[in-house]
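**Q** First the structure, which I've put down as structure tokens, then a few questions once you've had a look.
The values are calculated or read from the model by the stated rules, or taken from the named source; none is laboratory data. Only a predicted model underlies this, so the values are computations on that prediction, with no experimental measurement involved. Surface accessibility is based on the protein's heavy atoms, side chains included, excluding ligands, DNA and RNA. Shrake-Rupley method; radii C 1.70, N 1.55, O 1.52, S 1.80 Å.
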Amino acid sequence: MRCPSHERETIDRVLAGDTEAFRALVVRYQQPVLAFVGNLLRDRHHAEDVAQDVFLLAFARLGSFDAGRAAFSTWLFTIARNRCLNALSRRSPATTAHPPEPTDPHTPLAGLIRREALDQLDRALDDLPTPQRTAIVLAELVGLDQAEVARIEGVAPGTVRSRISRAKKALTESIRRAAGATE
Amino acid sequence: MTDTDPYNTWKQARGNRPVPERFADGVMDEIRRRHCPAKKGTGYFFAAIRPRDSASGIEKVACPRFCYRTEPVRRGDVVVFRDPDNRSQAFFKRVVALPGDTVELRANELYVNGKQLPRQLVPDAAATAPAGRAAPAVYVETNARARYRIRLADPGPDGPTSPGDVPELTVPTAHCYVLGDNRNLSKDSRAFGPIPLADLIGRAEQIYFPRWQSLRPEPGSDPE
């Protein structure tokens with residue numbers, strides 16, 4: 001995927017010394033990057049720190065971005081993926097357990113059931129092998145197409161397809177198991 | 001899977017994580033802090049000055065610090081700089097010539113690059129003067145693209161602090177030539193010579209006390 005011309009213009013402005021132009025890129029990508037990093041690291045504050053780091057690193061290395069080779073989003077998510085993998089590898093086992101994320105229940109009972117299902121899926125996501133986790137988060141939660149995920153992961157599209165399929169299967173299986181246990 | 005499936009609900013909830021308020025501001029602040037050292041310490045320099053011919057006492061001036069690290073000095077700017085004779089004190093003067101320009105003052109007329117700067121008398125200008133002295137004549141002087149007001153006051157018994165006439169000189173590299181707007185009552189480059197650009201603290205933009213008054217030059221029509 002090529003870099004859209006308006007993004008290329010913004011990048012050129014930043015490289016020419018207009019630091020403030022970078023804000024447009026931050027505003028455009030802050031939500032998907034936070035969604036990606038937040039779903040891999042789970043801890044909200046840590047995720048925000050890492051997401052900020054991703055943008056700082058992108059700014060510092062913008063000169064090495066080749067708009068002819070990849071979209072800015074692909075390049076940015078590659079940085080985000082690498083930062084997350086570093087953060088996960090540094091994390092001690094004791095810190096991998098996280099409190100359940102807040103949800104917005106409509107009624108107390110429905111909210112409880114819904115929350116339990118979401119927590120179950122979060123736990124199932126955390127249990128997946130890292131390549132499957134990054135692939136399913138990028139494709140399903142961030143909404144990138146599989147070809148872009150393959151470029152970010154540096155693997156063939158077929159590999160990404162099979163990783164996503166296996167991850168989805170594991171996640172739906174976990175819901176089924178949880179539903180079976182409550183019956 | 002339908003929209004009510006736990007999987008789809010989870011996808012939607014986790015994919016639309018809220019962005020913390022001011023996240024982008026935080027990123028940009030950090031970028032500026034790390035990568036734009038020229039803008040470090042950006043802020044205003046406030047000072048109280050007592051113009052020599054002012055009957056109103058002190059005036060308070062605000063000027064952005066360090067603006068000249070990112071912007072060029074222009075003719076007509078009122079700059080704040082360290083007093084070459086007393087580094088703990090600051091002066092406010094107007095830049096009339098830039099590096100490489102020639103300057104000459106002859107019979108109260110200012111020549112920059114060999115050209116006499118045009119000026120027009122402002123007949124009803126409300127200039128004030130200390131008790132017992134005549135009100136100074138106010139002129140609008142045009143210097144390249146800037147127009148600003150100057151006052152030519154009667155020096156009085158104290159006499160001028162700078163020699164009236166200055167033979168032609170060339171402003172050295174990385175220096176500028178400054179004159180006070182009260183031409184006959186000012187200690188300026190006529191006394192201490194061109195000042196190094198490195199000594200500039202900032203550009204004085206406004207007097208905010210006792211009444212607001214812009215110090216920025218009006219745009220002039222002459223080409224640079």
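**Q** Going by a 1.4 Å probe on protein heavy atoms, which residues of segment A:35-53 end up with at least 50 Å² less accessible surface in the whole assembly than in their chain alone?
**A** A:Gln52
**Q** Gain in length, B:Gln213 to B:Arg33, computed as 0.36 nm per residue apart minus the alpha-carbon separation, to one decimal in nm? Show your work: numbers first, answer last.
**A** Details: separation 180, 0.36 × 180 = 64.80 nm, distance 3.27 nm.
Length difference between fully extended and current span is 61.5 nm.
**Q** Can I ask one more? For segment A:24-71, rounded, prolate or oblate, judged on the Cα gyration tensor with a ≥ b ≥ c (square roots of eigenvalues), a/c < 1.5 rounded, else prolate if a/b > b/c? Spell out each step's value before the answer.
**A** Numbers: a/c = 2.31, a/b = 1.99, b/c = 1.16.
Cα axes put segment A:24-71 in the prolate bin.
**Q** If you take the accessible area of A alone, add that of B alone, and subtract the area of the pair, what total do you get in Å², probe 1.4 Å, to the nearest 100? Write down the numbers at each step before the final one.
**A** On the way: alone 10620 and 13310 Å², together 21070 Å².
Buried area (both sides, nearest 100 Å²): 2900 Å².
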